[in-house]
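Taken together, the values in this text are just the output of simple stated rules run on the coordinates, not laboratory data. As the structure is a computational prediction, the values presented were derived from the model and not from experiment. Neighbour counts run over all protein chains shown; Cβ positions are idealised from the backbone, glycine included.
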Amino acid sequence: AVPLTEQLAARGFHITVETAGTVDAPLRMDLASISPKLSDSTPTEPAAWARRHEATRSRPAVVARLVRDHEHQIKFVVGEDTDFGEIEQFIASVEAELGAPMAPEHILLMPRGRDPDTLNANLGRAVPEAVARGWRITDRLHVRLFGDTRGT
């Protein structure tokens with residue numbers, strides 16, 4: 001385990017680790033907040049970064065270990081109608097690694113967007129999909145309150 005997380009735990013802190021779920025590191029944590037990257041997150045430039053991102057962005061086995069070993073939530077950032085099929089495929093891959101279904105209440109959808117109009121449009125896509133599957137919704141309140149501003 002990483003000494004910092006052990007020291008924080010020893011002092012009674014609740015430890016939430018935000019991760020893309022791509023690195024299998026033995027960390028002490030109370031909650032794994034896992035945000036797998038969907039295919040539309042791959043940058044187009046520079047090409048070398050795009051290739052690296054695409055090669056490493058999806059690691060269902062790592063996510064399965066985090067799910068198995070920790071309290072968890074899996075948060076997907078959504079903006080396209082095609083995202084929902086990709087999310088279902090990813091969840092199926094994790095469930096295959098686990099050998100068991102995942103609890104739907106551990107899945108969260110968050111709208112993609114840097115302004116209220118985009119957030120509202122993507123939230124409108126996400127809500128019916130989440131309701132139909134028993135998933136949860138989370139928002140980007142900091143963007144709504146402060147705009148797309150560094151440090152918020």
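Multiply the residue gap between Thr22 and Thr56 by 0.36 nm, knock off their C-alpha separation, and tell me the result in nm, one decimal place. Present the calculation step by step, with values, prior to reporting the outcome.
Values: separation 34, 0.36 × 34 = 12.24 nm, distance 0.67 nm.
Here the answer is 11.6 nm.
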Study note, to complete from the structure: Taking r as the C-beta separation of Ala10 and His106 and R0 as 22 Å, the FRET efficiency to the nearest 0.05 is 0.20
Practice item. Taking only Cα atoms and a 10 Å spring cutoff, compute GNM fluctuations for the chain and point out the largest among Val17, Val67, Val78. Key: Val17
Check your understanding: Which of Ala10, Pro104, Ala64 sits farthest toward the positive end of the charge dipole of the chain, with +1 on the Cβ of Lys and Arg and -1 on the Cβ of Asp and Glu?
Key -> Ala10
Check your understanding: When N is the residue count of the chain, what does its C-alpha Rg come to as a fraction of 2.2 N^0.38 Å?
Key -> 1.10
**Study point:** Angle in degrees between helix 83-98 and the longest Cα principal axis of the chain, rounded to the nearest 10
**Key:** 20 degrees
Review point. Per the helix-only calculation at 222 nm, which mean residue ellipticity applies to the chain, given -39500 (n - 2.57) for every DSSP H run of n ≥ 4 and division by its residues, nearest 500 deg cm²/dmol?
Key: -13500 deg cm²/dmol
Check your understanding: How far, in nm, would the chain grow between Thr149 and Asp69 when pulled straight, counting 0.36 nm per residue and subtracting the alpha carbon separation?
Key -> 25.3 nm
Check your understanding: Could you give the length gained on full extension between Arg133 and Ala121, defined as 0.36 nm per residue of separation minus the Cα-Cα distance, in nm?
Key -> 2.4 nm
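Within the chain, which is the longest segment containing none of the GluC sites (Glu not before Pro) that sit in a DSSP loop and have at most 16 other Cβ atoms within 10 Å?
Values: sites that count: Glu71, Glu80.
My reading of the result: 81-152 is the longest stretch.
Provide the net charge surrounding Pro101, with neighbours chosen by a C-beta distance below 15 Å and charges set as Lys +1, Arg +1, Asp -1, Glu -1. Show your work: numbers first, answer last.
Values: positive: Arg68, Arg133; negative: Glu88, Glu95, Glu97, Glu105.
The answer is -2.
How much net charge surrounds Gly134 when only the other residues with a Cβ under 15 Å from the Cβ of Gly134 are counted, with Lys and Arg +1 and Asp and Glu -1? Kindly include the intermediate steps, with their values, before the conclusion.
Working: positive: Arg133, Arg136; negative: Glu88, Glu95, Glu105, Glu129.
Net charge in that neighbourhood comes out at -2.
Sort Met110, Met29, Met102 by Cβ crowding within 10 Å, fewest neighbours at the top.
Numbers: Met110 20, Met29 23, Met102 17.
Lowest to highest Cβ neighbour count: Met102, Met110, Met29.
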Revision key, fill the gap. Long-range amide H partners of Ala20, meaning residues 5 or more apart or on another chain whose placed amide H is closer than 5 Å, are Ser35
Study note, to complete from the structure: Between the modelled labels at Asp81 and Leu141 (7 Å from Cα along Cα→Cβ) the distance in nm is 3.2 nm
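Taking the Cβ of each residue in Asp83, Asp40 as the centre, tally the other Cβ atoms inside 10 Å and list the residues starting with the fewest. Present the calculation step by step, with values, prior to reporting the outcome.
Working: Asp83 21, Asp40 13.
Fewest to most other Cβ atoms nearby, the residues stand as Asp40, Asp83.
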